[in-house]
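J.: Submitted below is the structure of interest, expressed as structure tokens.
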Amino acid sequence: MTTPGFSPIRQILLKVHSRCNLACDHCYVYEGADQSWRSQPMTMSPAVAALAARRIAEHMRRHDLPWATVILHGGEPLLAGRDRLGEIVAAVRSAVPPGRTVDVSVQTNGLLLDDAYLDFFARQGIRVGVSLDGGEQANDRHRRYAHGGGSYRAVAQALALLSGRPDVYSGLLATVDLRNDPVEVYEELLRFRPPRIDFLLPHGNWTTPPPGRPAEQSQTPYGDWLVAVFDRWYGAGAPETRVRLFDSLVSLLLGGPTGSESVGLASIDLLTIETDGSIEQGDVLKTAGPGMAATGLHVADHSFDDALAHPALAARQAGLAALADECRQCPLVRVCGGGHYAHRYRAGSGFRHPSVFCADLARLIGHVRGRLYSDLRVGAAL
Ligand code: SF4
């Protein structure tokens, strides 16, 4: 049974390893204001994995969920090693009652991805997503080793293997940098034949604005960047790949659901479990300040329903009512949803603000709506 007023948790992000073999300067875990990773155990232990598995199974039973998604995350999750990853996944799957499904995926920087890992993921039914920001120059602006060298070539080798494995390949995750040409980035990513691309806006808020986001709201550099990619993607003769943000906008504009926490009014359905078993909100909130993602709860003592009752998560379940006045009166609100929760933050007054990307989101949504509705009108007239 669902707790009144709350949507159940359907996505559980398991931090299986808390360190990384890259030192990307745009990383919100290691380079952000919150440095709590330093006190986390390196790897999730079998004991914590068993407690997490019990909580997942309990939540699925309590809310009669036929499926849930577990994302193996880090740091760099492949640093945990195949044996530990196998133990963690087995703990979750064996705890879940028969007839219910747990889809497992892993989000990696790709550096340790080899045939042995790919075979392991195939055997375990684990889908693999890789982070890559574009071609070599674009990617290596940020995604560098601690010694300063770029990671592109090593990741490209791994992607050459992964692109031949549609049985495990889920897609690519790219963070937008305004200095990179948008169409070039998209086409560089396409070279690795991803089933799906996720474009992530760089994290920032009203107190710490994203790079190149001017205070002047008439300028829309991120909106313009994404519009260029949208036009290239939408204008392709045949579908080349799915793009989660664009798919979500098209769906929302047609009255459907969102597939992204960056747009739309859907309640948050994701929780993070750290390597020590702490229950947290998404990592992205760590960009707002130390402790912003924390709930003070732990899988040993607290259920996911306890987490949903936490004021920070309850606010993210309130939909339209939790938004700023500007958003509630905005004609785009049902599609935009006020943007990503973390991007609304302003020190001293919290999250009840429009997104720091408000003007960019309005530009993108207006453009997507214009193209979509114009095509629908043409189609209807034929
Ligand atoms: S963030 Fe801006 S565009 Fe989005 S709903 Fe709020 S006011 Fe509208």
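The values are calculated or read from the model by the stated rules, or taken from the named source; none is laboratory data. These numbers were taken from a predicted model, which means no experiment stands behind them. Here Cβ is always computed from backbone atoms with ideal geometry, including for glycine, and neighbour counts include all displayed protein chains. Side chains are part of the model used for accessible areas, which takes the heavy atoms of the whole protein and leaves out ligands, DNA and RNA. Shrake-Rupley method; radii C 1.70, N 1.55, O 1.52, S 1.80 Å.
J.: Show me 185-191, 305-311 ranked by packing, highest mean number of other Cβ atoms within 10 Å first.
T.: 185-191, 305-311
J.: Whenever you get a sec, compute what percent of the accessible area on the chain sits on carbon and sulfur atoms (1.4 Å probe). Mind showing how you got there, number by number?
T.: Details: 8550 of 16020 Å².
Ligands and nucleic acids excluded, carbon and sulfur reach 53 percent.
J.: Beyond 18 Å, what share of the Cα-Cα pairs of the stretch 230-357 is found? Please give it as a whole percent.
T.: The proportion of pairs with Cα distances above 18 Å equals 59 percent.
J.: With no solvent and one point per C-alpha, what does the Debye sum give as log10 I(q)/I(0) for the chain at q = 0.12, 0.13 Å⁻¹?
T.: So the normalised log intensities are -0.96, -1.15.
J.: Further question: So the label point goes 7 Å from the Cα of ARG346 along Cα→C-beta, right? Which residues of the stretch 267-297 then have their backbone N under 18 Å from it?
T.: 288-289
J.: A further question follows. Mind checking the full-extension length gain between ASP247 and ARG100? Use 0.36 nm per residue of separation minus the Cα-Cα distance, one decimal, nm.
T.: 50.2 nm
J.: Let me ask something additional. Once each part is reduced to its C-alpha centroid, what is the distance from the stretch 92-124 to the stretch 170-217 in angstrom?
T.: Going from one Cα centre to the other spans 27 Å.
J.: Here's another thing I want to ask about it. With each run of n ≥ 4 DSSP H residues scored as -39500 (n - 2.57), what mean residue ellipticity at 222 nm is computed for the chain after dividing by its residue count and rounding to the nearest 500 deg cm²/dmol? Intermediate values should be presented prior to the final figure.
T.: Details: 13 runs with 132 residues, N = 382.
Per the formula, -10000 deg cm²/dmol.
J.: Treating the beta-carbon of each Lys and Arg as +1 and of each Asp and Glu as -1, no other charges, what is the dipole magnitude of the stretch 11-359 about its Cα centre, to the nearest 20 debye?
T.: Numbers: 33 positive and 38 negative charges, 87 e Å.
The dipole magnitude comes to about 420 debye.
J.: Okay, moving on. Roughly what % of DSSP beta bridges within the chain run antiparallel, to the nearest 5? Could the numbers behind the result be given before it?
T.: Values: 8 of 38 bridges.
Looking only at bridges with both residues in the chain, the antiparallel portion is about 20 percent.
J.: Hey, another quick one. Round to the nearest 0.05 the FRET efficiency obtained for ALA215 and VAL183 when R0 = 41 Å and r is the Cβ-Cβ distance.
T.: 0.90
J.: For the chain, what does the accessible surface come to per residue with a 1.4 Å probe? Please give it in Å².
T.: Result: 42 Å² per residue.
J.: Okay, moving on. At 7 Å along the Cα-to-beta-carbon direction for both HIS147 and ALA238, put a label point, then send me their distance in nm to one decimal.
T.: Using points 7 Å along Cα→Cβ, the separation is 4.4 nm.
J.: With a 1.4 Å probe and all protein chains in place, put LEU376, LEU14, LEU252 in order of accessible area, largest first. Don't skip to the answer; put the middle values down first.
T.: On the way: LEU376 90, LEU14 0, LEU252 25 Å².
Sorted descending by solvent-accessible area, the residues read LEU376, LEU252, LEU14.
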